[in-house]
Amino acid sequence: MKVTLTNNILKYKKHIAIIILIVMALLCIAYPYRKIIIKIIKGKVEHYSPRKRSNKGDCPDCQVIFVDNVKKQEEAYQKEGIKPQETNSGLKKLLRIGKLKAVKSNEYYIIDYLKHSSPYLLPKAVVFLEDLSKIYSNKCAKKTITFIPFRISSLTRTKTNVKELMISNKNAISNSSHLKGKTFDVNYRAFNKNKKQINCFIAALSELRNKKRCFVKYERNGCLHITVN
């Protein structure tokens, strides 16, 4: 029994020694690049922080490119979309029967803290989000720039959400397209001063808009109002 215990201890010590040697080797390899690594890690932590915000971010030429107003976006949901729900329980029922799908943060985009909407969209809109993410990611890769996930600040709303929002937001309207399950907002200010990334994102979104897959309205409050077609 004592011999077996001694052998196990020696075995574990050997494994620990190997792990320590591997870690030390990796640290030696990474040391010359320490400043770059720290910068990347710091940038990722700051970007993923839910409290990270900036009013300095811009959306170059968006006021000229993305001009699809409310009337134009109505074309996308007049014949398609969910029936506006009074409360969140109605949305959850549609989620259970598969009419809506849950949208969660992933490597491509981050769902912000949602006060006046819920993270649900029509399956068609979820597919659109996936396509937008991949096109944006590919454009960053082609330009050899660090990919930064974009932030979604609002998704599907209830009638109650809209009423509450109209009190504090002058852009909110009673027949909001967010009621139909096909609309979401992207916070372009969350890109902060990463101009190369925001330009890649704008190019990706413009590509899908030109293919008639969405309507987009630039809003000065920091959002790109997107309705899937």
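The values are calculated or read from the model by the stated rules, or taken from the named source; none is laboratory data. In this text, all values refer to a predicted model and were calculated from it rather than measured experimentally. We place every Cβ from the backbone using ideal geometry, glycine too, and count neighbours over all the protein chains shown. Ligands, DNA and RNA are excluded from the accessible area calculation, which covers all protein heavy atoms including side chains. Shrake-Rupley method; radii C 1.70, N 1.55, O 1.52, S 1.80 Å.
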### Task
Output yes when any residue across region 172-188 is touching a helix residue (DSSP H, G or I) at 6+ places or on another chain (Cβ under 7 Å), farther than 19 Å from Asp112 by Cα, open to solvent by 10 Å² or more (accessible area, probe 1.4 Å) and among the basic types (Lys, Arg), and no when none is.
yes
### Summary
By residue number, the members of region 100-157 that are more than 24 Å from Ser176 (Cβ to Cβ), among the aromatic types (Phe, Trp, Tyr) and open to solvent by 30 Å² or more (accessible area, probe 1.4 Å) are Tyr108, Phe147
### Query
Hey, among Glu80, Glu74, which residue is modelled with pLDDT of 80 or more, part of a helix (DSSP H, G or I) and among the acidic types (Asp, Glu)?
Glu74
### Task
State yes or no: is Arg213 surrounded by fewer than 19 Cβ atoms within 10 Å (Cβ to Cβ), at pLDDT 95 or above and within 22 Å of Ala102 (Cα to Cα)?
yes
### Task
Exactly one condition in (1) farther than 21 Å from Tyr113 by Cα; (2) open to solvent by less than 60 Å² (accessible area, probe 1.4 Å); (3) not aromatic (Phe, Trp, Tyr) is not met by Lys195; state its number.
(2)
### Message
Could you check region 83-115 and list, in sequence order, the residues that are out of contact with any Phe, Trp or Tyr (no Cβ under 8 Å at 6 or more places or on another chain) and assigned to a helix (DSSP H, G or I)?
### Response
Asn88, Ser89, Gly90, Lys92, Lys93, Arg96
### Message
Can you say whether Tyr136 is in a loop (DSSP other than H, G, I, E, B), among the aromatic types (Phe, Trp, Tyr) and out of contact with any Asp or Glu (no Cβ under 7 Å at 6 or more places or on another chain), as far as the supplied structure shows?
### Response
no
### Query
List, please: which pairs have Cβ atoms under 8 Å, are six or more places apart or on different chains, and start with a residue in region 84-102 that is among the acidic types (Asp, Glu) and end with one that is in a helix (DSSP H, G or I)?
Glu86/Lys159; Glu86/Thr160
#### Entry: Residue that is closer than 18 Å to Leu208 by Cβ and of a type in the set (A, V, I, L, M), where the choices are Leu114, Leu179, Leu132, Leu165
Leu132
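Out of everything in region 151-164 that is of a type in the set (A, V, I, L, M, F, W, C) and either over 22 Å from Tyr109 (Cβ atoms) or in a strand (DSSP E or B) (or both), what residue ends up being modelled with the highest pLDDT?
Once the filter is applied, the top-ranked residue is Ile152.
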